[in-house]
Structure formats: structure tokens, C-alpha cells
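The values are calculated or read from the model by the stated rules, or taken from the named source; none is laboratory data. Source: prediction; values computed, not measured. Cβ placement follows ideal geometry from the backbone for every residue including glycine, while neighbour counts extend to all protein chains displayed.
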Amino acid sequence: MKIHEYQSRELLEKFGVPVPGGIVVDSADDAEAAFKTLQKDGATLAVVKAQVHAGGRGKGGGVKLVRTAEEAKDAAWTILSKPLVTPQTTAEGVPVNKLLVASGVDIAKEYYVGMVVDRARGCPVLMASAEGGMDIEEVAAKTPEKIIKEPVDPDTGLQPYQARKVAFELGFSGKQVGQAVKVMMSLARLFLGTDASLVEINPLIVTPGSADHPDGQVLAIDAKIDFDDNAMFRHKDLQALEDPAEVDASEAQAAKFGLSYIKLDGTIGCLVNGAGLAMSTMDIIKLHGGDPANFLDVGGSANEEAVTEAFRIILADSNVNGILVNIFGGIAKCDIIANAIVAAAKEVGFEVPLVVRLEGTNVEPAREILEAAKADIPTMIVGSDLTDAAQKITAAVAG
């Protein structure tokens, strides 16, 4: 589950990470008022930032530095008036419904600090780099040696000596070290305490020295947090942070029926049981010249209701010109699945080619069921194996 930047900043603050002040707005007039409020608290400049679940907002014009209330109003109007296109969105972009107006700060140096689960090590890992402000993926690809990785025991958490070690490796000095250690310790507590899958501060900055802070202040001025969906039953408060406007309607509908669905850009809909088999199905479609329109896993215990809803979701995509059903019967036997496919196909109705491949428990009775249903489902074609099915659906769509 993803949340917005302003929500991530609030969580960071809750766990003890210092964050500049900010106000969430949804109109240009409110942005103007927000700037004036921040001004009363001593801000001389502010940043107006689009609140969407996509990175690269600055490159798409979704982040604007403003120095007056009028500039804040103009910037807000510009961002809210059209979809935001970034390197992480489609060409159509995404609508912007909320903005964060945050106090601007002077920056002496930028850093990156984050935590993820390292599957190779089998534990969470604190990652840090002195190359903050850049895409961490780009840093990892071009200069991986600039990323510091510190494994974290999930039972004991990040230890102070580990945080100090990373702070010194990053180049912090003087009172900056203690501030940086506090940030990293807080970030680790947040990560472990909320069952997060990603917590990232980019950039973590140091301000220029001042009379009150001779060594500068260490502040988090941008944040991103993702949570493990499978753990959200433990965090009702975090579930409430999800923004329905940022969730694809088809994906939300699929989740209600226990389906795992992700829309893609191709023309061949996929209905498969099992995530690994679904990935293999998409691969073999590509191998034979087609393009999958979705990832859809109906799970190991698919029933008629779930299969029917899966067809509805796939066919709701106007790009779909054909469907490949690839089922390996195990817990859900092939004949049960075949009956579900036939019933669902009759209820939903098909005008596009439907290629069905079944294998596993009770496959022979299942094939008899499909053969008997051909008259009622004229667009249905039976594939003898996965290669045959992929070839048939790509040919049918191409033709």
C-alpha cells in the first residue's frame, strides 16, 4: 500500500524525524492562504508539490519553488489544472487532487537514507548515500559503490553503533552526526513498527550553519513510504491513509474478489491461477509476438464467482482483443475450473477470441466439458499445451 508524501512526512515526524512545516491543500486559493500561514511561522519561501503516487514529480512540473503568496496560488493552479506526466506515469499522466505547500529551506548538502527488505540477505537493510536528491536507481546503476548498506536485525532493530558508522561514512561531522543518527534510528523504528516495505528520505538535507545551529540542521524534506499489504490487518490506522483516488478502479474491484490484477498496455488478457504461472504466461505471449494486457492471478481456490468477475475486469479493458486462460489444476481441480469458465463465459458473453489451456488434476473431464460448450461459446479455442495456446491466441489477435 502506498501513501502520499504529506502522510509520509507526518509519520516521520511521529517517529521523531525533523521535517519542515507543511500544509495540505486542494485549491489554488488554499495554497495562497497556506503560504501566508507558513510566512507567519518565519518561512521566506515555500515549495508547492503535487501529491500523487508517482516519482519524478519535479521532472514533470509537479514541484515548484515559490517566494510569494501570489506565486503559490499561480503554481497551485498550474499543477492542479492538468494531469501530471512523470517518468513513472503513463503518457496520459495522473490527475492531481492534493498539493503540499511546504516551508522551503536553504540546503548545504543532500543525502539519501532509506530502508527496504533485502531478499538476498533475508533481512531489512538500511541504505544511505551522499548522492541525495538523485534517483537512487540511477546511483545504483552507475555508481553502486556510493551506496552504503547496513543489515538490520528485525528483532533488535538498528543499533546506535551502526547508525554512527553510516553517519561517519556519509561524511557527517560535528553535531550533524548525532542528528543523523537520530534520523536513522527513527527511520528504522518506523520501518519495523509499521510493517513497511519501503521507507525513503530523499533528500535528507543539512542546512547551512547559523548562530543557533553552527553545524547546520539535518532535516527530511521529501519522503516516501510503502507498506506490506499482507500486514495491513495489523494496522487499521494505516489502512485509513490509503487514497482511493490513487488506486486503479479495476485493481480495487479485483481485490474485493481475492484476485491479484495489474493492468498492462497489451491486447491479450490473461486469466491464470498462480503468480509464477501468470508471469510465465505473460513471457510466452511475448515470445510468440503478443503483448499481455494484464497480470491476473485468480489464486489456487478459484470458484465460479471469482472467474466470472475476472472475465468482467479483463473485458472492461477496451484494449483487450483476446483472452488466454491458463489453469494448472491442483487444489482447484480442472473440471471445476472448466465448469466455472463455461458458466462465466455464458454470463459475461464473448466477442473476442478465448483460448483455454488446462492441465493437472481431472484434466480429461475438463476437456470434455469445454468440448461440449463450444456451441455456446463460439469464440472459444482449446489449447493442447501452453505453447499451443500462446500461439493460437497471438494468431487470433493478429488476424
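Any chance you could count how many residues in region 344-356 are farther than 18 Å from G299 by Cβ and out of contact with any strand residue (DSSP E or B) (no Cβ under 8 Å at 6 or more places or on another chain)?
Count: 5.
Any residue at all in region 170-183 that's closer than 27 Å to T86 by Cβ and either touching a helix residue (DSSP H, G or I) at 6+ places or on another chain (Cβ under 6 Å) or modelled with pLDDT of 95 or more (or both)?
Yes, some residue in region 170-183 is closer than 27 Å to T86 by Cβ and either touching a helix residue (DSSP H, G or I) at 6+ places or on another chain (Cβ under 6 Å) or modelled with pLDDT of 95 or more (or both).
Please give the number of the condition V105 fails out of (1) in contact (Cβ under 8 Å) with a residue 40 or more places away in the chain; (2) touching a Lys or Arg at 6+ places or on another chain (Cβ under 8 Å).
Result: V105 passes all but (2).
Does E5 satisfy being free of Cβ contacts under 8 Å to residues at least 40 places away in the same chain, closer than 30 Å to F172 by Cβ and within 22 Å of the chain's Cα centre (by Cα)?
No.
Matching residues to (1) within 20 Å of V19 (Cα to Cα); (2) touching a Leu at 6+ places or on another chain (Cβ under 7 Å); (3) in the same structural domain as I205 (by TED's automatic domain parsing); (4) not basic (K, R):
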| residue | (1), (2), (3), (4) |
| --- | --- |
| V117 | no, no, yes, yes |
| R121 | no, no, yes, no |
| A128 | yes, yes, yes, yes |
| T156 | no, no, yes, yes |
| A163 | yes, no, yes, yes |
| A167 | yes, no, yes, yes |
| G174 | no, no, yes, yes |
| G178 | yes, no, yes, yes |
| V181 | yes, no, yes, yes |
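Residues in region 261-276 that are surrounded by fewer than 16 Cβ atoms within 10 Å (Cβ to Cβ) and either under 14 Å from M1 (Cβ atoms) or touching a residue at least 12 places away in the same chain (Cβ under 8 Å) (or both): how many?
Residues that pass the stated criteria total 3.
Identify, please: which residue in region 106-137 is over 21 Å from the mean Cα position of the chain (by Cα) and basic (K, R) and is, among those, surrounded by the fewest Cβ atoms within 10 Å (Cβ to Cβ)?
For region 106-137, the residue satisfying everything is R121.
Looking at (1) closer than 18 Å to D106 by Cα; (2) modelled with pLDDT of 95 or more, which one does P214 not meet, given that it meets all the others?
Evaluating P214 over (1) closer than 18 Å to D106 by Cα; (2) modelled with pLDDT of 95 or more leaves (2) as the failure.
Hey, can you tell me all the residues within region 355-368 that are among the aliphatic types (A, V, I, L, M) and surrounded by fewer than 23 Cβ atoms within 10 Å (Cβ to Cβ)?
Residue satisfying the conditions is V363 alone.
Do any residues in region 370-399 that are surrounded by fewer than 16 Cβ atoms within 10 Å (Cβ to Cβ) and among the hydroxyl-bearing types (S, T, Y) have Cβ atoms under 6 Å from those of residues that are modelled with pLDDT under 90 and part of a helix (DSSP H, G or I), where the two are at least six apart or on different chains, and which pairs are they?
Within 6 Å, no pair qualifies.
Run A140 past the list (1) crowded, with 17+ Cβ neighbours inside 10 Å; (2) under 15 Å from N202 (Cα atoms) and report the number of the one that doesn't hold.
Condition (1) is where A140 drops out.
Scan region 281-295 residue by residue and report those that are in contact with a Ser or Thr (Cβ under 7 Å, 6 or more places away or on another chain), touching a residue at least 40 places away in the same chain (Cβ under 8 Å) and surrounded by 23 or more Cβ atoms within 10 Å (Cβ to Cβ).
Scanning region 281-295 gives I285, G290.
At least 3 residues that are under 32 Å from the mean Cα position of the chain (by Cα) and modelled with pLDDT of 85 or more in each: list the helices (runs of 4 or more DSSP H) lying fully within region 306-399 that qualify.
Once the helices (runs of 4 or more DSSP H) in region 306-399 are filtered for at least 3 residues that are under 32 Å from the mean Cα position of the chain (by Cα) and modelled with pLDDT of 85 or more, what remains is 386-398.
Take G16 and decide whether it is at positive phi and surrounded by fewer than 22 Cβ atoms within 10 Å (Cβ to Cβ).
It is true that G16 is at positive phi and surrounded by fewer than 22 Cβ atoms within 10 Å (Cβ to Cβ).
Got a sec? Which of A140, A72 is small (G, A, S) and more than 29 Å from M184 (Cα to Cα)?
From the options A140, A72, the qualifying one is A72.
Keeping to region 50-83, report how many residues are within 19 Å of the chain's Cα centre (by Cα) and either buried (at least 21 other Cβ atoms within 10 Å of the Cβ) or of a type in the set (V, I, T) (or both).
Final tally of qualifying residues: 6.
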